Amino acid sequence: MEVLLMNEDTIAAVATGMGGAGIGIIRISGNKAIEIGNRLFVNPKGRTLDAAESHQLLYGRIIDPIAKKDIDEVLISKMKAPHSYTAEDVVEINCHGGIVPMRKILKLVIESGARLAEPGEFTKRAFLNGRLDLAQAEAVMDIINAKTEKSLEYSVAQLEGRLSEKLEELDQVLIDILSHMEVNIDYPEYDIEDITFQFIDDEIKNLIKKIEDILAVAETGKIYREGITTAILGEPNVGKSSLLNTLLMENKAIVTDVPGTTRDTIEEYINIEGIPFKMIDTAGIRETDNVVEKIGVEKSKALLNQTTLVIFMRDISKEMSDAEKEIMALLKNRKTIYIANKTDVIEGKEGEIPDPWIPMSLIEESGIEVLKNKMIEMVYEGNVSQEADYLITNTRQIQLLEKTKGSLENAVLTMNSQMPIELVSIDVMEALESLRGITGKTVGIDIINQIFKNFCIGK
Amino acid sequence: MTYSGGDYDVIVVGAGHAGSEAALASARLGLKTLLLTINLDSVAMMPCNPSIGGTGKGHLVREIDALGGEMGKNIDETMIQCKMLNTAKGPAVHSSRAQADKKAYQFRMKQVIENQENLLLKQQEATDILVENGKITGVMVNTGAVYTCKAAVICSGTYLKGRIFIGDVQYDSGPNGLFPAMYLSASLEKNGIQLQRFKTGTPARVDAKTLDYSKMIIQEGDEHIVPFSFETEKIEIEQVPCYLTYTNKETHQIINDNLERSPLYTGDVVGIGPRYCPSIETKVMRFHDKERHQIFMEPEGLKTNEIYVQGMSSCLPEDVQIALYRTVPGMEKVEFMRSAYAIEYDCIHPTRLKASLESKEISGLFFAGQINGTSGYEEAGAQGVIAGINAAQYSRGEQPVIIDRSEGYIGVLIDDIITKGIDEPYRMMTSRSEYRLLLRQDNADLRLTPIGHRVGLISDERYERFLKKKAAIKNEIERLEQIQVKASQENNVILKELGSSEIRHSVSLGELIRRPEIKYLQTAAFDPQRPLLHWSVVEQVEVQIKYEGYIKKQLLQVAQFKKLENKKIPKAIDFKAIGGLRIEAVEKLQEIKPTSIGQASRISGVSPADISVLLIALEQRRRSNQTEKEEGENE
């Protein structure tokens, strides 16, 4: 069991909801917090976080220290222990809210030595470090329970998918390699095939390749879990499906089409400038509801309840129908992008289209970039938000997979430097432990079981 | 009729490998100790293979020795062959294994026990433990004597309600035709100690003069013997070889034809057997694709013809055994002297023990060896030393000695059985340790001798020698890091000869030794002032320099581990009263009653979330205690 409970390491997380507010805060807590902040922060006047006063805001930029790339304009502050929320050294980076820079900064913070915080971990540390009183303790416990339960539920659900199968496959290979190594160590005199470094090397390199594949899948898999739910509404034949297809076709990162949450919709996933959108295709509604040709208002209502962003589309060459008026009334207080399609039919009159309608012609392929920019803009402006929890769970998994990969690469290095097999096994064991951090299984007895299953040994 | 047999500080029941160590440890710590055995001729008997050590097990013997136990010295004196296993691999998994002269081994141990001050060895069968108010008060034996005591150690091996199976021939018996102990089980159960049935087995002993070694492959010992005991300087003996041969299709056919006559398959044997000592019929059944299995001929001693047929343990009927043994090359005319058998016996649930090996139910009652569900002489001896030390500590009102997982295989062994529980006989393997690189057999003294000295099992004289060795290692490592090797042509020629790459600028000699292809002894040319050092110092210097990076990595893991171990869980805690723990976790925690967060985290069924909840509950508790205390002070 990878027990990381004792406030030894430095943790980090986004302290505000992703894309929720105009400004997002990344909080880092632990004894490496200031060091990490220092590494990434650059002030125009050359002031460093290290030298700054506690609780003072500093203006500057976050720079990727390896790629030397500018990431975002930020305000940064440090809170020296014990005068902080967790009573540890805390650094807070206030950045521009958009999930792209925020995620990049969080990634840099983690690469600099922090670990992603578990749900409720800042609060737990605050308590364990004596910052909260007894009355608050119960509440803390509830948070941990609730969050753990929730993330557990979530991981279970998620692990039922293809990812879980892949992880299981990796797990099996690792156990297999380890049992081969261990049986050679613990039963040197039995006529089992001597494990060769060549064999381990091949197997491990294979594994690394597989993890890279999974990481790629996970990268796109992330989209549909975190995507901003977006529905394209409109009357039949206004061009909804064409719009969706256009968006999908442009998008290389399409994951899969999984059945939607309701039976009669289909979910598709697109990625615009790194921001994921989960598109609900209402075409399905019409198909299953072929008695009524129009979109049922009731159905639209139900759909709107699960939607964060709406793209409402009409045919600009036609008069607005009663149904359209009715649906537009429903959209009044919702985050909506209005599309006036088929400008090709009203050639020359595009200028007459009033705000906030975006003129578009799918046939002439115009207006699509404007729509995409609008979608991004709405996310950046905080007009739409997404569940931060999901992102965290996922980033944690990716982080663990990357750790697994790192340990395996170490194993290869250890072998290449002609170190004995039991040292290689330390690295491989580490890899297994990181992998098991995702599935929550403990390591322990599995390898020994595998040894006895696969090898005939014993006096 | 009963009569008073006298009063002792510590009574040890059973004089096998666990009991011998326990009694010696207790007596050597100055406590008046009684050692009871069912038969004086079976002291330190090896009822199965005639060897000590092996992977993981060899480590245990070195650790027993480092603590001040007897096993290492005993095998050093009585071995007839020795081999270092895994020499092609790294130092962490090198393991010594010696073939013993069984009778010599027994006689030597018996003599040491007999000559030990404070220790009395008696042939009597313990039938009852006497318990008052949850504390052990004495032991009663079959002759009617009642001995009173402060502490007792039960090391009953496979004797408790022992039952032997040879096909359909089944009878109550201890190992090797000795009497079983038929009464003590009931007394333990009456006092709240729950028992379970385990099983183990042993192959036949055959007459050497009926074997044809010319059809087998000779297995010699090592030219240079590394002793088990840190106190033994040198072992120079005429070594006796073992022989290797193989089963074949014909052997397997006989087994398949007679399976229905095996009590393992008829259901007569109910005890759970160890997977790592499978009977030949189990091997053939489970791995039917394997065309042949290894069989080793191991002599049982210098003054006997008896040969132990390793790999041929069985509980098939005797006629089938003979037939199948005779299919093996070199064994065509083999005659049996003792048949292979399976033995079933009572053992306890080790999760009912504390890390000191004291019972959670009865104060002052300790358990060690096979009764705890382990298997193997070395595992038994290791527990014996600890139980003996702790029975002595208990008697004199001192804190128990506990070795943790980062300090020794002994710690791994005890923590595994008391925390994880066992569902088959437990055998040590190096893969059971998380810190294998640190728990090497070569540094067992560095790890444990200070503990042995602190408790009083290691003499001041031996400790002085130990400290000198330790200092020598430290000095030499420091010295080597100081010495600079210049990038001269002359030096680069030497490096080339050693199969290593050239250096472009000066490096320390330590840096060169860190290269995998360069050995300490090969670098004398760079080091004209090199002191003459004992080989065991050289070994440490080399290992510590060469694997420094990996050792540091493991030391970091250990530091993390220690923090969790040091987060203690108070005895009085009521896990049921902690809101937020899952039911399964509560049940497991109630059963095991872990003493630290670290131990709790190793219990299967306790999740990281449960540990978080537990940590918070502990902190809550600590603070409310503090508040109460402050309030009390204010009043």
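The values are calculated or read from the model by the stated rules, or taken from the named source; none is laboratory data. All of these numbers come straight from a predicted model, not from anything done at the bench. Every residue, glycine among them, receives a Cβ derived from its backbone with ideal geometry; neighbour counts consider all protein chains shown. Ligands, DNA and RNA are stripped out before the accessible areas are found, and what is left, the full protein with its side chains, is counted by its heavy atoms. Shrake-Rupley method; radii C 1.70, N 1.55, O 1.52, S 1.80 Å.
Assorted remarks:
- Screening the range B:504-584 for helices (runs of 4 or more DSSP H) wholly inside it with 1 or more residues that are touching a residue at least 40 places away in the same chain (Cβ under 8 Å) returns the ranges B:535-546, B:548-566.
- Residue count for the range B:241-282, restricted to those that are touching a Gly at 6+ places or on another chain (Cβ under 9 Å) and of a type in the set (Lys, Arg): 2
- Residue count, the range B:178-197 (criterion: touching a residue at least 24 places away in the same chain (Cβ under 8 Å), under 15 Å from residue B:343 (Cβ atoms) and open to solvent by 50 Å² or more (accessible area, probe 1.4 Å)): 2
- Filter result (in a loop (DSSP other than H, G, I, E, B), open to solvent by 20 Å² or more (accessible area, probe 1.4 Å) and more than 24 Å from residue B:534 (Cα to Cα)) within the range B:220-255: B:220, B:238, B:239, B:240, B:241, B:248
- The condition of being within 12 Å of chain A (Cβ to nearest Cβ) and closer than 28 Å to residue B:415 by Cβ holds for residue B:564.
- Members of the range B:395-417 that are assigned to a helix (DSSP H, G or I) and either surrounded by fewer than 24 Cβ atoms within 10 Å (Cβ to Cβ) or outside the structural domain of residue B:448 (by TED's automatic domain parsing) (or both): B:395, B:411, B:415, B:416, B:417
- Taken over the range B:31-66, the criterion of being within 13 Å of residue B:105 (Cα to Cα), among the polar types (S, T, N, Q) and more than 14 Å from every other protein chain (Cβ to nearest Cβ) is satisfied by B:42 alone.
- Pairing each residue of the range A:37-61 that is within 16 Å of residue A:109 (Cβ to Cβ) and of a type in the set (Gly, Ala, Ser) with any residue that is open to solvent by 80 Å² or more (accessible area, probe 1.4 Å) and outside any strand (DSSP E or B), provided the two are 6+ apart or on different chains, yields C-beta distances under 8 Å for A:60/A:44; A:60/A:47.
- In the condition set (1) under 29 Å from residue B:392 (Cα atoms); (2) exposed (fewer than 13 other Cβ atoms within 10 Å of the Cβ), residue B:462 is compliant with all but (2).
- Scanning the range A:329-367 for residues that are in a helix (DSSP H, G or I) and more than 16 Å from residue A:309 (Cβ to Cβ) yields a total of 4.
- Against the list (1) buried (at least 17 other Cβ atoms within 10 Å of the Cβ); (2) small (Gly, Ala, Ser); (3) more than 12 Å from every other protein chain (Cβ to nearest Cβ), the condition residue B:572 fails is (1).
- The residues of the range A:289-328 that are of a type in the set (Lys, Arg), part of a helix (DSSP H, G or I) and either modelled with pLDDT of 85 or more or more than 36 Å from the chain's Cα centre (by Cα) (or both) amount to a single one, A:325.
- Test: residue in the range B:522-531 that is in contact with a Leu (Cβ under 7 Å, 6 or more places away or on another chain) and among the charged types (D, E, K, R): yes
- Residues of the range B:287-296 classified as without any contact (Cβ under 8 Å) to a residue 40 or more places away in the chain and more than 7 Å from every other protein chain (Cβ to nearest Cβ), total: 2
- Within the range B:313-336, one or more residues are more than 14 Å from chain A (Cβ to nearest Cβ), open to solvent by 30 Å² or more (accessible area, probe 1.4 Å) and in a strand (DSSP E or B).
- Residue identified as under 30 Å from residue B:448 (Cα atoms) and among the basic types (Lys, Arg) among B:234, B:283: B:234
- Test result for residue B:232, touching a Lys or Arg at 6+ places or on another chain (Cβ under 9 Å) and either within 14 Å of chain A (Cβ to nearest Cβ) or within 30 Å of residue B:372 (Cβ to Cβ) (or both): yes
- Residues of the range B:256-299 classified as outside any helix (DSSP H, G or I) and either out of contact with any helix residue (DSSP H, G or I) (no Cβ under 6 Å at 6 or more places or on another chain) or open to solvent by 10 Å² or more (accessible area, probe 1.4 Å) (or both), total: 25
- Selection from the range B:427-450 of residues that are farther than 23 Å from residue B:560 by Cα, within 11 Å of chain A (Cβ to nearest Cβ) and either open to solvent by 10 Å² or more (accessible area, probe 1.4 Å) or of a type in the set (Val, Ile, Thr) (or both): B:427
- Residue check, residue B:279 under 12 Å from residue B:203 (Cβ atoms) and facing another protein chain (nearest Cβ under 10 Å): yes
- Residues of the range B:153-195 satisfying the condition of being of a type in the set (S, T, N, Q) and modelled with pLDDT under 95: B:170, B:176
Residue-by-condition table, conditions (1) open to solvent by 10 Å² or more (accessible area, probe 1.4 Å); (2) in contact (Cβ under 8 Å) with a residue 60 or more places away in the chain; (3) in a strand (DSSP E or B):
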residue	(1), (2), (3)
B:49	yes, yes, no
B:59	no, yes, no
B:74	no, no, no
B:82	no, yes, yes
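- The listed residues are A:213, A:194, and the only one of them that is closer than 27 Å to residue A:429 by Cβ, at pLDDT 70 or above and either within 12 Å of chain B (Cβ to nearest Cβ) or exposed (fewer than 14 other Cβ atoms within 10 Å of the Cβ) (or both) turns out to be A:213.
- Residue in the range B:591-611 that is surrounded by 21 or more Cβ atoms within 10 Å (Cβ to Cβ), more than 30 Å from residue B:437 (Cβ to Cβ) and within 8 Å of chain A (Cβ to nearest Cβ) present: yes
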